[in-house]
Amino acid sequence: MNFRLPAILFATIAVLGVVLLVLSFSDDQDTPTDVLMEELAGLKATDIDTVQIEREDGSILKLTRGAKDRWEAEWEATEADGTKKPIRARADAAAVGELVAALLRAKPTTYPGLTTNPAVHGLQPANLRVTLRSADKASTVNLGDVTIGGADGVAFVTTSTRPNRPMAVARASLDPLFRNQTGVGKAVDLAKWAPEFRVKNIFAADTRGAGEDVSALKLEARGKTLALDKVDGIWKFVIPMEWGSADPTGAVVATPGAITGMTRLLGSLTSLQALAPVDFVENPKDLKEYGLEPGNPDLVRVELKNRDGERSVAFIGKPVAALPPGLPGMPPPAGKVWVRIEGQPGVIRANAGDLSGLIRLIENPDPLRDRTLLAIDRSRIEGLDVTVGGQTTKLRKTGATPMWQLYGNPSAGDPQPAAPQVVNKLLDVLMEQRTIKSFPAANPANFLPGEIKAEVKLWVDGFETPDPKADAKTEPKVKGTPIVLIFGKREGDAIFVRRTLSNGATAEFLMPEKVKTGLNGDPVDLLATVAQTRLDLLDPTLNTFSPELVATMSVSGAANYQLQRDEKKDASTNADKWTFLAPADKKGQTADAGTVAEMLRILGTTQSVSRFVNESPTPEQLSTYGLAADSLRLKVVIGLKAGTDPADKERIYEFGKETTDPNSVYARQVGRAAVFTVPKLLFDRFANVDLRDKNIFRFDPALANALELKGWGGGGFVVELKFEKNKDAVWVATQAPPGYQVDPAKVNAFLDLLSSTRVKSFVPGMPTAEQGFGDPKQYLQITVRMQGGGALALNLGAPADSGAAFYGWSSWLPQTTPV
């Protein structure tokens, strides 16, 4: 019998039976390999508008996208009596977004233990269901068991597309759905619920921005209200009315609990947040336990609006009490308060800074007032008018590199540079933070004409752009309204100040008479710094010069002489050589280079005047100062070397009479009209100077061929030594005591010293016995004879200056004054 055909038929029937058996467990034959939520394939997370999580007990958490991608959570909580109550709260957009993105990316994976029986994997029925919706599209993932294995674990699911087909999904791909990454068991027991998806911050504001995104704030407690609005970036009081601006930053150092600035206040409020899901208490038994019961006088109501107009209201209750001691691993909470959000049941344990001074601030907002007189951008101040005693000084910041210039007095050379250090000090005082002492009631009596000490106007971006074709000296044209500060009556150690802003808002303050600027600055007098006249604001800088660039110096008046610098250095000293051009009897003579250098150094480095006394002197006034052309006391003209700027060839100084202070004289620098004072020492350096060359011995020691020394006969006899160079140019003694041996090196050293020795000072008159020149035996006579003839002589007498010098006289000096 042939059994082959029956065997084939039997095998075919068996295979068909197995296939039919497999199909009985599934309504589809293919395992998806692309995405889990097939109905939403191709959509992005931003396309999803609803997330719904449903537990096996029927409870539902619904997350809905609102305006500007804000999410809201809805769920029901069970009261103590078993009744259900709906809860709506803001949801954490980041947490929801991570969940949506994870579900849209999730895809099935292989798993060795996967079967086709849903009950084996906790999916009959599923214990957790998650649905995503986008307009009219929706997709659901049903979750059963979650296996062990941490990151290698899986969750068993079915979907709305394949409700009867169990699939495995990598546990890690669904992490945003679970509270932690290691739990195993039923998905419903591991999944996040409302507390995990709720937004943690109490107010709709950035917890990291210190209130930068807040636009309005209202605080209420103990029957008092404090309200502020941000207008053009500046916080303004709404309640109390007419209090003006609030302090943006507050005191650098504040006492504990003190709130002195909006940054501190808003930072403390916007940083309120729950740190963990356990901080949300959905069913508090008694609000009094948390200090959140209605009618509690210490309950603080906070209403906050962000820049998008979103309003949030919360109530701040008691600080969270420390937990009982002895609980292992549970340190007492620090810096936490109980909070309730308006419109939401339950309370929140919120992390907080020091809010102990919040109620005090609401009852008395004075510490929050802006105590800075001028809270403006300094770089934008372009103009100042300072009026003192009816005289106004105009200051404008102009130029490619903006500098303060004086305007308004062309006869004085305006526009001319202002004293930058004086202007900066004035602005430092006006703009120093928190200098206002108090806020008295407005009183015109404090600003009567006889009480006003000074008025300062400031323009912020207040001038038109100059016409590039216009004269550079043209005063900038005002286009804006200035801020006006009036400094009025003194009261004790304080000054009344009235401030009128550009918008017309006026406020009055008490300012301290002494103001400290900067962290380590010394207190300065407020009125003395502000009440500046034109003379105070003139730039005290003189037009200086480098002594190395001086070619000539001409002095006339109380002294008359002219000097010029030789092109070549002095051969004997290798220093600059100056010679007389005048007077005639000194023409060609050498002036002392060291003295000239010191004169030029002092004059060239005198950078600023002592004080200005007259900005636009009349001829009569110049005569009074000793500065008139026909009675000028002293004039110094410094000529600069060729090669310097052709338009800048000289510096001319004029010195006049002594001031009431005998240590000062009146002076001017040609090129400026103003008369100022300088130390009299500067005048004396040019009027009473001795320019005689102090290098009186100008010889080359190598050319000396004989040296004679005689005198200083202290033992009753005179020592006389004579040395000459022999044919080998070696020094030998030609006259000396018996047995005397000369050291040629010492002779050379003596001659070197003699050739470089400078006179310390010149003494008038002829030599005297008191100077040691009465007996020729008692003073030393030195004679140096040179090759080719010629000799020089020096006589040294008695010690002077307590032994620091000797009197001397020389044949090289005029014999009428040789000492």
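The values are calculated or read from the model by the stated rules, or taken from the named source; none is laboratory data. In this text, all values refer to a predicted model and were calculated from it rather than measured experimentally. Every residue, glycine as well, gets a Cβ built from its backbone with ideal geometry; the counts of neighbours run over all protein chains shown. Remember, those area values only see protein heavy atoms, side chains included, never the ligands or the DNA or RNA. Shrake-Rupley method; radii C 1.70, N 1.55, O 1.52, S 1.80 Å.
Brief remarks follow.
- Where trypsin sites (Lys or Arg not before Pro) fall in DSSP loop in segment 52-114, at most 11 other Cβ within 10 Å: none
- Segment 262-405: Lys pairs at Cα distance under 26 angstrom, eight or more positions apart or on different chains: 7
- When you filter the trypsin sites (Lys or Arg not before Pro) in segment 202-276 for DSSP loop state and at most 14 other Cβ atoms inside 10 Å of their Cβ, you are left with R208, R222.
- Positive dipole terminus of the chain, leading residue within I696, A793, G492 (C-beta point charges): A793
- Three-way shape label, segment 383-434, alpha-carbon gyration tensor, a/c 1.5: oblate
- Counting heavy atoms of the protein chains alone, S245 has an accessible area of about 20 Å² for a 1.4 Å probe.
- Max-minus-min Cα coordinates of segment 622-711 on each principal axis give 62, 41, 22 Å, with the largest extent listed first.
- Accessible-area ranking of K725, K777, largest first, probe 1.4 Å: K777, K725
- Rounded Å value of the spacing that divides the Cα centres of segment 273-295 and segment 611-629: 83 Å
- Distant-in-sequence amide H partners of A77 (H built 1.01 Å from N, under 5 Å): K85, I87
- Computed helical MRE - 222 nm, the chain, DSSP H runs ≥ 4 contributing -39500 (n - 2.57), nearest 500: -4000 deg cm²/dmol
- Cα gyration tensor, segment 585-631 - rounded (a/c under 1.5), prolate or oblate: oblate
- Heavy-atom SASA rank of I652, I60 (probe 1.4 Å, accessible area, largest first): I60, I652
- Solvent-free Debye scattering, log10 I(q)/I(0), computed from the Cα coordinates of the chain at q = 0.07, 0.08 Å⁻¹: -0.82, -0.91
- Counting all C-alpha pairs of segment 609-655, share separated by more than 15 Å (%): 58 percent
- Exposure ranking of R129, R198 by accessible area [1.4 Å probe, largest first]: R129, R198
- In the context of the full set of protein chains, the chain has a per residue accessible area of 52 Å² (1.4 Å probe).
- With semi-axes defined as the square roots of five times the eigenvalues of the C-alpha gyration tensor, the equivalent ellipsoid of segment 135-279 measures 50, 18, 12 Å, largest first.
- Cα centroid separation - segment 130-146 against segment 561-594, whole Å: 105 Å
- Here the 3J(HN,Hα) profile of segment 437-454, calculated from phi with Karplus coefficients 6.51, -1.76 and 1.60 at θ = phi - 60°, is 7, 7, 10, x, 5, 4, 8, x, 4, 6, 9, 5, x, x, 9, 6, 8, 6 Hz, Gly and Pro shown as x.
- Segment 706-784 shape via C-alpha gyration tensor axes, a/c threshold 1.5: oblate
- Using θ = phi - 60° in the Karplus curve 6.51 cos²θ - 1.76 cosθ + 1.60, the 3J(HN,Hα) couplings for segment 200-212 round to 7, 7, 6, 10, 7, 8, 6, 5, 9, x, 6, x, 4 Hz; x is entered for Gly and Pro.
- The share of accessible area on the chain that comes from carbon and sulfur is 54 percent, using a 1.4 angstrom probe.
- Residues whose amide H lies under 5 Å from that of K577, counting only those 5 or more places away or on a different chain, are D566, D570; hydrogens are built 1.01 Å from N in the peptide plane.
- Per DSSP, loop trypsin sites (Lys or Arg not before Pro) in segment 476-570 with at most 16 further Cβ within 10 Å: K477, K479, K568, K569
- Residue-level accessible surface for M786, protein heavy atoms, 1.4 Å, Å²: 40 Å²
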